[in-house]
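Quick note: the coordinates plus some simple rules give every number you see, no bench work behind them. Owing to the predicted nature of the structure, the values given are computational and were not obtained by experimental measurement. Here the Cβ positions follow ideal geometry from the backbone for every residue, glycine too, while neighbour counts run over all protein chains shown.
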Amino acid sequence: MLTALWNNRIEVVAVILFAVGFSTLLLHRNLLKKVIGLNIMDTAAYLFLTSLGYIRDRLSPIITDGATDPEAYVNPLPAGLVLTGIVVSVSVTAVMLGLTLRLYKRYHTLNLDEIYRMTHEEQEAER
Amino acid sequence: MKKSFKDRLQAWDSGQFELGDALVRETDGRRPPEKEEDVSWAHVPVGRVSQVERRLFRVLYPVLAGLLALVMIAFLLFVVEQLPAFGDALSPANSSEVIKRYIASGLTETGAVNIVAGIILDYRAFDTLGESHVLFTAAIVVFILLLAETELPDKPSDRRILMDDLIFKKTAFFLSPFILLFGTYVILNGHLGPGGGFSGGALIGAGLILVSMAFGPRVSGRIVALKSYRRIVLVSLLFYSLAKGYSFFCGANGLHTIFRPGTPGRIFSAGLILPLNIAVGLVVACTMFGFYSLFTRESV
């Protein structure tokens, strides 16, 4: 068990990073920190993907000296997938920050509980 | 009211105080007065709840959240233990025939020395096109969110983060040309080495942000006219769609295309990859800089 985990230690780090991001998302009341937590979770997913594509003692997938032997290079596919993931996470982060800015301009706080309380009071007042 | 570092850290943690306060002086005075509030690791329940329930929630929420994270770690570690060992060449993920095909014939089919560039901009180019559209859609959403508001700030210059600092300005003055140059290099060499449209575009966007932070939007507007943002992005995405649609149509039907792989290693080789890298780089650079401008309320 422990040797298997030690052999896959990069993946273990990715899992722990994922949990760190997840608990940041749950435990913080500051909206900006929730965004940071989600970004940590994204990073963990990228680390996991790239570590799956690594092959020991092989070169990065840039053809050197015209050698096109598949046994010479690491797996190039996870790099492409992670590139897609990074762009999507940047887009999601931008949208989240835009929403946060709108909330801040309306309620003048980043505390999610305060925002909940104020919206609740607004709804009570409307009733 | 002078507060200790710990108080300010706790206030920041609970969301009453931002680090940006030190940079942007908030002038409108509409912020509610700071309340004495105990800092805890939990959300507080909203609505009519009794004191007992509230206290129970305060205790239970962080405990359950921590437990959930621990259970997740345990479950995922159990899965990781079953995975093939790190760096194993025979694992299913690394021994699929698609990957062997990409490496063995990528150079002759796409002409790109960088196999990853060959994959993302030739074999799987529609994926990358969708990616650029995701970025474009996010930029549109941020536009709608931040520009559609009725109450515009009276003096936009008050809200802008302008670092009025001599060291920072001088450093930016000497550094920004090299950053922009390096970004261009990374874009243009995307098919020959590490790099490509996304990383180079991010570099150029960061360089533009640095210029804008140091010298204000008027100087950065001289490098890239921000009003042309929409035009640049639209033309790039249209070019990408048309060129890639043409090449996929011809490739699928076995027709003769005007885009040849060329001699691998030359800068004008690899068919469509170099123009597509430039298009993607333009989209990414403009979107990064557009995000920054929108969030700091400069003119767009």
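The stretch between B:PHE239 and B:ARG101 holds 46.8 nm of extra length on full extension. This uses 0.36 nm per residue minus the Cα-Cα distance.
Label sites at B:ALA11 and B:LEU90, each approximated as a point 7 angstrom past Cα along Cα to Cβ, lie 6.3 nm apart.
With a Förster radius of 60 Å, plug the Cβ-Cβ distance of B:GLN51 and B:ARG266 into 1/(1 + (r/R0)^6) and report the FRET value to the nearest 0.05. Please list the in-between numbers first.
Values: r = 75 Å, r/R0 = 1.26.
It comes out at approximately 0.20.
The long axis of helix A:31-53 is offset from the longest Cα principal axis of chain A by roughly 10 degrees. Per DSSP H run of at least 4 residues, take -39500 (n - 2.57); add these up for chain A, divide by its residues and hand me the 222 nm value, nearest 500 deg cm²/dmol. Result for chain A, helices only: -25000 deg cm²/dmol.
When each of the peptides B:185-196, B:106-117 is scored by how many other beta carbons lie within 10 Å of its residues on average, the order from highest to lowest is B:106-117, B:185-196.
Using the Cβ-Cβ distance between B:ASP127 and B:PHE174 with R0 set to 30 Å, the FRET efficiency from 1/(1 + (r/R0)^6) comes to roughly 0.15. Taken residue by residue and averaged, Cβ atoms of other chains lying within 10 Å of the Cβ of A:86-96 number 6.
Measure nothing fancy, just the Cα-based angle from helix A:9-27's long axis to the longest principal axis of chain A, in degrees from 0 to 90, nearest 10. Approximately 10 degrees, to the nearest 10.
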